[in-house]
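First up is the structure itself, then whatever we jot down about it.
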Amino acid sequence: MKKIVVFTGAGVSADSGIATFRDSDGLWANYRIEDVCTPEALVHNRPTVIDFYNIRRRELLQKRANPAHTAIASLEQAYEVEVITQNIDDLHERAGSTKITHLHGELSKLRSLSHADRIYAIEGWQEAVKAVEAGQDVDCYARVWKQALDAKDPYGDLLRPHVVFFGESVPNYDPACRIASTADILVVCGTSLAVYPAASLVFAVRKDIPVYLVDPARPDLSRIANSVHFIQKRAAEGMVELCENLLREA
Ligand code: APR
């Protein structure tokens, strides 16, 4: 069975109504990175940082996986599939993908401020997702999505979002490169390839394998040695077409 690695960024969730980062209406057009996504901000501006991720967690509970996420999950019918995502949402999981590596953390998890290996799934998150999808009001689940400023883990350590901030290491990057090196096909979807080391993942694949890239805008492909099949479409359309073709070819 051939192996497909699917490398995604914010663009794959754009058609679910989740803002990207660097598009004109993106997150970084409305927030300063240094205020909400650095270790220093967490120390000097904890309420603003915790609030920023509470807002994104509340929003995520109200979103759904889109056809791109579902198409990616459908590849598992005929391929060994590994998803490597820069996204901190859980929409790949909700669409049914089973092997997912999050490079930049997960909104649905918190971790100890002093012991980075103590990671905690937010209790009740899955139930809240199902209840909100069934039409219940998201604020009935504020207990789930709203991290209290002084929330602590069982050891008494203060908690923080399980998200990789700018300037922090990306512990899953090396494991992701090992996964990418075993790919027979690389699919890239919805990333500006602007943030490192994540963007270097495209160089971790064998040079003889095909690369498919789905994005309505053309990221810089000049440094990719592989043959690149560029599909200039939104993920919800381009990924569906691509995955249908890949399933036919399997
Ligand atoms: N379908 C597919 N791609 C889309 C869509 C869409 N509907 N809408 C936008 N895009 C593309 C944009 O053209 C762009 O190439 O998605 C990409 C979004 O780029 P960024 O906003 O830079 O997001 P991303 O590449 O995921 O950012 C990487 O930067 O801020 C950090 O940690 C954050 O993980 C994030 C990282």
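Observations on the structure shown:
- Tally of residues being within 18 Å of ILE72 (Cα to Cα) and without any contact (Cβ under 8 Å) to a residue 12 or more places away in the chain across the stretch 174-225: 0
- Taking first residues from the stretch 95-113 that are within 19 Å of ILE179 (Cα to Cα) and touching a residue at least 60 places away in the same chain (Cβ under 8 Å) and partners that are surrounded by fewer than 21 Cβ atoms within 10 Å (Cβ to Cβ) and among the polar types (S, T, N, Q), the Cβ contacts under 6 Å between residues at least 6 apart in sequence or on separate chains come to THR101/ASN172; LEU103/ASN172.
- Complete set of residues in the stretch 1-14 that are surrounded by 14 or more Cβ atoms within 10 Å (Cβ to Cβ) and in a loop (DSSP other than H, G, I, E, B): LYS2, GLY9, ALA10
- Answer residue from the stretch 71-94, given it is in contact with a helix residue (DSSP H, G or I) (Cβ under 8 Å, 6 or more places away or on another chain) and free of Cβ contacts under 8 Å to residues at least 60 places away in the same chain and is nearest to LEU213 (Cα to Cα) among those: ALA73
- Restricting ALA176, ALA217, ALA204 to those that are aliphatic (A, V, I, L, M) and within 11 Å of the ligand (Cβ to nearest atom) reduces the list to ALA217.
- Search result, residues across the stretch 45-90 that are within 12 Å of the ligand (Cβ to nearest atom) and either of a type outside the set (A, V, I, L, M) or outside the structural domain of SER192 (by TED's automatic domain parsing) (or both): ARG56, ASN66, PRO67, HIS69, THR85, GLN86, ASN87, ASP89
- So GLY167, is it closer than 18 Å to ALA14 by Cβ, within 12 Å of the ligand (Cβ to nearest atom) and either modelled with pLDDT under 95 or not hydrophobic (A, V, I, L, M, F, W, C) (or both): no
- Residue in the stretch 53-61 that is part of a helix (DSSP H, G or I), farther than 24 Å from SER169 by Cβ and touching a Leu at 6+ places or on another chain (Cβ under 6 Å) present: yes
- Enumeration of residues in the stretch 109-135 that are over 20 Å from GLY156 (Cα atoms), small (Gly, Ala, Ser) and surrounded by 14 or more Cβ atoms within 10 Å (Cβ to Cβ): ALA128, ALA131
- Single residue of the stretch 15-45 satisfying the filter (part of a helix (DSSP H, G or I) and touching a Lys or Arg at 6+ places or on another chain (Cβ under 7 Å)) that is surrounded by the fewest Cβ atoms within 10 Å (Cβ to Cβ): TRP28
- Some residue of the stretch 146-164 being under 26 Å from ARG32 (Cα atoms) and of a type in the set (Ser, Thr, Tyr): no
The values are calculated or read from the model by the stated rules, or taken from the named source; none is laboratory data. Small disclaimer: the values here were computed from a predicted structure and weren't measured. Heads up, the Cβs are rebuilt from the backbone with ideal geometry, glycines too, and the neighbour counts pull from every protein chain shown.
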